[in-house]
Amino acid sequence: MVRRLWAAVAATSLAAVGAVAVIGLNTAEAAVSGTGTGYLSTRGNQIIDAGGNPVRLTGINWFGMETDNKTFHGLWARPWRDHIDQMASLGYNTLRVPYSDDALKPGATANSVDGYTNPDLQGLSPLQILDKVVAYAGTKGMRILLDRHRPTSAGQSALWYVSATPESTWISNWRSLAQHYANNPTVIGADLHNEPHADGTDPNGTGSCWGCGDVNRDWRLAAERAGNAILEVNPNWLIVVEGVSCPSGGNANAWDNIPDEPCGWWGGNLSKAGQYPVRLNKPNKLVYSAHEYANSVYHQAWFDDPSFPNNLPAIWDQFWGYIEKQNIAPVLVGEFGSTLQNPQDVLWLKKLMEYMGTGVTGMDFTYWSWNPNSGDTGGIVGDDWKTVNQQKQSILQPYLIPPSGGTNPTGSASVSTSVSVSASVSTSPSGNTGTHSCTATVKIDNSWQGGYQAAVTVKNTGSSAANPFSITWTVPSGVTLSSGWNATVTQSGTTITAAGPTWAPSLAAGASVTIGYTANGPSSPAPSAVKLNGTACS
């Protein structure tokens, strides 16, 4: 299992933080769909699209490309498109993709990709797999934020460079990615380095500082160098700059009799950004980012405050919230998460979501994580990589702004691979109005002695949603269902039924769904007689 590693952050008293007024960031607004069109920029504390319309990123992290696997985790469990389909249907409009520089090296190999589940990814490099994810997410109207998570797959680092990956390589790789995606507005920018943090003890710290002026340790100066280098080759990208943990770059030391500064989560302390701002050649491309975690991840002093959780907004104000409140720049809360097994964590998450505000002008965020194999936090989906953790999702749901289905960020309509049109019309099932018709394609993705893997894609070409949807098809006698995904898949005799899952029970008019399954038995003759809610598809 992948486990998040955290420093022993100083349990510093933050009594003085209360001087910052606790006010709501935003008034409640009706949520709107989508992440805008074209490239993104900033205006004050708001991210805007190419037309100047406000955009709110409400996304999720899907990790793996930063590990030894060098690609997304969960590709051993289900088809890669199904992950993205489910994310979009739940309302996540942005995907933050952690990577390590090892994944970008020539000859880098992706592993832990199941050949039966994802045969179309076999033999592809990590970047080629990322390209496919970017292209498909774009058809959903989702955005992609790239996150340089680690300099090598071995682990995170306090500074933005290590001996194996010097600063020059860090910047060169970012410029290469920026050029690679220069003409694709699905990819919105660069989260320059994940969680720069303190190392050693104050006043002799050796980790990332903010505003200290040491060219080898001042993260603010390094972010300027990298950000401006990226903007030279891709002036359309957002430059996302995380905070540090302790502004001095050294952890607190309770035994030296020196008053200690307030320290926060790795990447979560932007308290000096107002005094020492990041200066980009294109200032309307700067987004600050903070990470925020719960008591179960690390026991910070503020979790013991008798007024918890009402003490939290003042702490967030001090560390990063003031940037939004003073209209300096947008703040993306790039990581936050918990297993929620501790009741105190539930209060923390509810208070954080309330603090970030509702509607399109609320704070931007990407939840950690999609993956269930994050040891400290778990994921939105469970160990089967499909079942949604409803406790987490129900807290996040009111704040999610779903992507615009069927369009990509350029504004052009997506095109279904099924182009035939059905002329069949039938009475709609109870609870639906309008007419139903559908088209279907069946593809044998892989076969082997004694079994096969197939995908059944159905497009609702009728005038109303099939809610809930039920897709059936016929298989030859002797074929038995082994597993299925993207729906609740069952078998009775020679009929296989795929019922709409709880996280996406409806198939909207004009929408398509792909059901994957594996079966024991011959793949020929192929599955046939596909129906949507009892209507035969052409």
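The values are calculated or read from the model by the stated rules, or taken from the named source; none is laboratory data. Given the structure is predicted, the values throughout are model-derived calculations rather than measurements. We place every Cβ from the backbone using ideal geometry, glycine too, and count neighbours over all the protein chains shown. Calculation scope for accessible area: heavy atoms of the full protein, side chains included, ligands and nucleic acids excluded. Shrake-Rupley method; radii C 1.70, N 1.55, O 1.52, S 1.80 Å.
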Considering only the chain, what is the antiparallel percent among its DSSP beta bridges, to the nearest 5? 60
Could you calculate the FRET efficiency of Ser307 with Tyr116 from 1/(1 + (r/R0)^6), where r is the beta carbon distance between them and R0 is 51 Å, rounded to 0.05? 0.40
Give the angle, between 0 and 90 degrees and rounded to the nearest 10, that separates the Cα long axis of helix 126-139 from the longest principal axis of the Cα atoms of the chain. 70
Say a paramagnetic label sat at a point 7 Å from the Cα of Gln128, along Cα to Cβ; which residues of the range 48-68 have their backbone N under 12 Å from it? none
Mind giving me the nanometre distance, one decimal, between the label points for Lys105 and Asn253, set 7 Å out from Cα along Cα→Cβ? 3.6
Using a 1.4 Å probe, what is the accessible area per residue for the chain, in Å²? 37
Neighbour net charge for Ala455 - beta-carbon separation under 15 angstrom, K R +1, D E -1: -1
Within the chain, what whole-number % of the accessible surface is contributed by carbon and sulfur, with the 1.4 Å probe and all protein chains included in the calculation? 52
Given a Förster distance of 56 angstrom, what is the FRET efficiency for Ser168 paired with Thr495, based on the Cβ-Cβ distance and rounded to 0.05? 0.35
Please give the helix 219-233 orientation as an angle from the longest Cα principal axis of the chain, in degrees from 0 to 90, rounded to the nearest 10. 50
Could you sort the peptides 300-307, 351-358 by per-residue average Cβ neighbour count (10 Å cutoff), highest mean leading? 351-358, 300-307
Using alpha carbon centers only, the range 206-284 is separated from the range 501-520 by a whole-angstrom value of 45
For the chain, take the longest principal axis of its alpha carbons; what is the angle in degrees between that and the long axis of helix 167-180, to the nearest 10 within 0 to 90? 40
What pairs from Lys386/Lys443; Lys140/Lys392; Lys70/Lys282 go past 27 Å between their alpha carbons? Lys70/Lys282
Pairwise FRET efficiency - Ala529 versus Ala182, Cβ, R0 = 45 Å, nearest 0.05: 0.45
